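Only one structure is covered here, and it is reproduced in the block below.
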Amino acid sequence: MDMELAHRMLEVVATIPQGKVATYGDVAARAGSPSPRLAGRVLAELADKDTPWYRVLRANGTPAPGIAERQLRLLAAEGVGSTNGRVDLRRHRWQD
């Protein structure tokens, strides 16, 4: 794994504001990578307790299946609601 790229991805995730979300593709693009899957791998393997990993969703606004309940609960605490397990990206997506 390219650790410089991985650290850029973690920095991108750290800048997602409370109450907003990004997709794995958004994180990858902002870090200079074409690979949303790599962004997911970086978060799964390298995120520490201070990384707001839960603000990153799949392109359809859903969390990964294994972490869905916890992720949606953490997002709800920040005011990001979901309907049927999906966050409305038009409303909550982080835009600069």
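Laboratory data are not the source of any read-out in this text; all were calculated from the coordinates shown. Only a predicted model underlies this, so the values are computations on that prediction, with no experimental measurement involved. Please note: Cβ atoms are built from the backbone with ideal geometry, for glycine as well, and neighbour counts cover all protein chains shown.
Local charge sum around R30 (other residues, Cβ-Cβ under 15 Å, Lys/Arg +1, Asp/Glu -1)?
Numbers: positive: R8, K20, R55, R93; negative: E4, E11, D26, D96.
With Lys, Arg at +1 and Asp, Glu at -1, the neighbours total 0.
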>> Can you divide the C-alpha Rg of the stretch 3-92 by 2.2 N^0.38 Å and report the result to two decimal places?
In response: 0.99
